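All remarks here apply to the structure that follows.
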Amino acid sequence: MANLVQDIKLIGNEILWFRQLRENGLEAFGRQGIPTAKTEAWKYTKPRNLNTDDFVIEFSLDEKNSCPKVPFDGYCICFSNGIFNPAQTKLPQGVEVLPLIEAVMFNSETRLFLGKLTDVEKYPFAALNSSYMNEGVFIRIDKNVSLKKPLVLINHTTSGNKNLFFNLRNLIVLEEGAEAEFVEYYTYSGDVKSRYFANVVNEVFIGRNSRLNHYKLQNEAFKSDHIALTTVQVKRDGEYNSFCLQKGADIGRNETRVILKEENARTNVDAAYIMNGWATLDTTTDVEHLAPYTYSGQLVKGVVGGDAKGVFQGKIHIAPHAVKTEGRQLHKALLLTDTAEIDCKPELEIFADDVKCSHGAASGELDEEQLFYMQSRGIGREEAKQMLIDAYLDDVVNHIANEKIKSWFKENIQAK
Amino acid sequence: MKIPLLEIEDLYARVGDKEIIKGFNLTINEGEVHAVMGPNGAGKSTLSYVLTGKPGYEIISGSVKFKGKDLLAMSPEERAREGVFLIMQYPVEIPGVPTSTFLKHSVNAVRKHHHLPELDTMEFIKLLREEGKKLGIDNEMLKRPVNVGFSGGEKKRMETFQMSILKPDFAILDEADSGLDIDALKVVADGVNALRNEKRSMLVITHYQRLLNYIVPDFVHVFADGHIVKSGDKNLALELEEKGYAEFVREK
């Protein structure tokens, strides 16, 4: 894998600082390698051994690949097989959306943000992503601009039988008082068994008194891998809310690290996962309260069937001076079969007094009494199960403020 | 001519290792209301669950025919779609599922089985309004999750309401009066009586005679030790009220 990186003459290497970021990533990945069962942060989720799989990196856009639609109005940013597809909607004043490589070359601000939040020494896949940094998008929302429609990043994979490996790197900057919604949607078409590996890294800067609602739907092909890390920094009175639904991929990991950097910064990191077969879907969070009066809430709910495995690793860290902070965390999972598995690791590191902190974890099964009651009213057993699953995930989905996006997620929960 | 709707023949059933229904025989013809009365622990509720196919209730031998078809071979939902309805003693709460959504799935599942088109939202709302008025089921109750936070009376009213919109051919009322005060009991009984006709049959399972003052049965059976030990008309219920079940329990 490492050899492959060196072989590629990536665009932008002539820009020294950018080249340095890539090289740092490559070195950091070289030191860490692919995590094994002995790597604490990866003890429940075993990533595929990239060395033994012949992954292919592509650089040219398949022009025929059209962007899938979402059932709500938004500013669409399309990627096909991880490559920017320039057909896009007109943007309103005060929003800038650039392909990452253009931002690196033509927007001097990029240097101030890119790579500043991602800790390549701690996250091997983010290090790998950094070494390949090429595709992705830079989004900047100006001071006090409030977007009326969501920005929608869609990656559509049509790799067929090619084992594609692609790295997406997105940088989102909200200036003071800005407000936006950002949707990430990963989907595929064609062969459901196509194998590919999507490695996504996001860096999000939430300025003072600004707010981002971030939604993600991971609906990759079921033999593919999807590993993503989002690192967010929230400044004073800023707010970052996210909801991620994972329902595709063979190995899916959505990792979110939120740094509440200044007073009264707030975050809600919610997630849901629903799976069957042999998949492993992992939700990992790390919320760092670095300032007083910060708030975090995490609600993660999963439904696991077949021989699948759900993983939740949730961390709340409260720094010594971060008094009057509040951190809440709850993970609940529904196991549909005897062979389904849940691994849950809540972690609280509290170094300050005078804080409110709680965490909880629970797992259960579908209630036979409820199923029978529904059946005795003529509702088929499978339909009844689906209704109970929808009901189980209802509270976390209901946290979504945007009604149209909420219905989109509800439809995706119902569709197998 | 009398047309049999439900025919139970020499039925034996158990829960776990415990045999509870032992040689039960009963034929219910179209339009008839039968009451099964018995002491606590006689297996009355087991009978209702055996007839509706609840998991964990195992048939040892015997047969049950419904409209001439083998009822025991059907899944619980098939039985419901064929027209068997159970008013449960303890209706189940389903958090997260709004009552109206639940009812819509139920009504349309039954309609689909009978090759009727599914009701659209307008038709469905109209149905709920018409039937809801009679039983005091308002829009607010329909928005709430199924049975969650309902009082005992509300739950039984909701059961009766479901019966009135599904219009089953055969209804089992399992201790329909338990937990009800006299006013709530009258509302439920009125709802049930409104559904009585020459085709629809009912099996009223009760410990007390009280309910039978409001839902007057054509036949009364005494159920003890897993089977019927005595049958008669509605006067048998009054007799039991006076003398209690001691005589029948002693018999074994």
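Of note:
- Calculated mean residue ellipticity at 222 nm for chain B: -11500 deg cm²/dmol, from DSSP H runs with n ≥ 4 weighted as -39500 (n - 2.57), summed, divided by the residue count and rounded to 500.
- Surface per residue (accessible, 1.4 Å probe) for segment A:81-179, Å²: 38 Å²
- Computed about the Cα centre, the dipole magnitude for the protein assembly as shown is approximately 660 debye when only Lys and Arg (+1) and Asp and Glu (-1) carry charge, each at its Cβ.
- Choice from A:Ser159, A:Ser376, A:Ser66 showing the highest fluctuation, given a GNM over chain A with Cα pairs closer than 10 Å: A:Ser376
- Percent carbon-and-sulfur accessible area, segment A:2-368, ignoring ligands, DNA and RNA, probe 1.4 Å: 48 percent
- Above-threshold pairs, the threshold being 21 Å between Cα atoms, out of A:Lys148/A:Lys261; A:Lys301/B:Lys156; A:Lys43/A:Lys315; B:Lys112/B:Lys167: A:Lys148/A:Lys261; A:Lys301/B:Lys156
- Segment A:180-258 and segment B:125-159 have their alpha-carbon centroids 42 Å apart.
- Two-site label geometry, B:Leu195 and A:Thr339: point separation in nm, points 7 Å out along Cα→Cβ: 4.2 nm
- Dipole in debye (nearest 20) - segment A:2-368, about Cα centre, beta carbon charges: Lys, Arg +1; Asp, Glu -1: 320 debye
- Whether segment A:129-212 is rounded, prolate or oblate, judged on the alpha carbon gyration tensor where a/c under 1.5 counts as rounded: prolate
- The separation of segment B:58-105 from segment A:368-416, counted between C-alpha centres, amounts to 21 Å.
- Residues of segment A:377-416 whose accessible area (probe 1.4 Å, heavy atoms of protein chains only) drops by at least 10 Å² once all protein chains are present, relative to their chain alone: A:Arg377, A:Gly378, A:Ile379, A:Gly380, A:Arg381, A:Glu383, A:Met387, A:Leu388, A:Ala391, A:Asp394.
- Sorting the segments B:164-177, B:111-124, A:11-24, A:143-156 by their residues' average number of neighbouring beta-carbon atoms within 10 angstrom, most packed first, yields B:164-177, A:143-156, A:11-24, B:111-124.
- In terms of its C-alpha gyration tensor, chain A has a rounded overall shape, because the principal axis ratio a/c (a ≥ b ≥ c, square roots of the eigenvalues) stays below 1.5.
- Dividing the helix sum by the residues of chain A, where each DSSP H run of 4 or more adds -39500 (n - 2.57), gives a mean residue ellipticity at 222 nm of -5500 deg cm²/dmol.
- Accessible surface buried by the B/A pair amounts to about 1900 Å², both sides summed, 1.4 Å probe.
- With the cut-off at under 15 Å, measuring from each backbone N in segment A:131-163 to a point 7 Å along the Cα-to-Cβ line of A:Asp191 picks out A:157-163.
- Taking Cβ separations below 4.7 Å as the criterion for a possible disulfide partner, the isolated cysteines in chain A are A:Cys76, A:Cys244, A:Cys344, A:Cys357.
- Between A:Asn219, A:Pro292, A:Gln370, the Cα set farthest toward the positive side of the dipole of chain A (charges on each charged residue's Cβ, about the Cα centre) is that of A:Asn219.
- Kirkwood Rh, Cα atoms: Rg over Rh of segment B:4-251: 0.96
- Overall, the accessible surface of segment B:208-252 at a probe of 1.4 angstrom is composed of carbon and sulfur to the extent of 48 percent.
- Under 5 Å, built H, 5+ apart or other chain: amide partners of A:Asn81: A:His156, A:Thr157, A:Thr158
- Near A:Asn163, the amide H atoms lying under 5 Å from its own belong to A:Val56; only residues 5 or more places off or on other chains count, and H is placed 1.01 Å from N.
- Per residue accessible area of segment A:15-57, 1.4 Å probe, in Å²: 59 Å²
- In segment B:82-106, burial by the other protein chains removes 50 Å² or more of accessible area from B:Met88, B:Val92, B:Ile94, B:Phe102, B:His105, compared with the chain on its own (1.4 Å probe, ligands and nucleic acids ignored).
- Most simply put, segment B:4-251 has about 60% antiparallel DSSP beta bridges, counting only bridges with both residues inside it.
- Amide proton proximity set for A:Asn268, modelled H, under 5 Å, gap of 5+: A:Tyr240, A:Asn241, A:Ser242, A:Gly297
- Pairs beyond 25 Å (Cα-Cα), from B:Lys44/B:Lys65; B:Lys2/B:Lys22; A:Lys332/A:Lys356: B:Lys2/B:Lys22
- DSSP beta bridges fully contained in chain A are about 5 percent antiparallel.
- Positive-end ranking of B:Ile125, B:Ser61, B:Asn139 along the dipole of segment B:51-140, with charges on Cβ about the Cα centre, is headed by B:Ser61.
- For segment A:209-215, 3J(HN,Hα) per residue [Karplus equation, 6.51 cos²θ - 1.76 cosθ + 1.60, θ = phi - 60°, Hz, x = Gly/Pro]: 6, 10, 9, 10, 9, 10, 10
- Candidates B:Met141, B:Met37, B:Met163, ranked by Gaussian network fluctuation over chain B, Cα under 10 Å, top entry: B:Met141
- When both segment A:89-138 and segment B:204-252 are represented by their alpha-carbon centers, they are found 80 Å apart.
The values are calculated or read from the model by the stated rules, or taken from the named source; none is laboratory data. A quick note: this is a predicted structure, and the numbers were derived from the prediction, not measured. As a convention, Cβ positions derive from the backbone with ideal geometry for all residues, glycine included, and neighbour counts pool all protein chains shown. Accessible surface areas use protein heavy atoms only, side chains included; no ligands, DNA or RNA. Shrake-Rupley method; radii C 1.70, N 1.55, O 1.52, S 1.80 Å.
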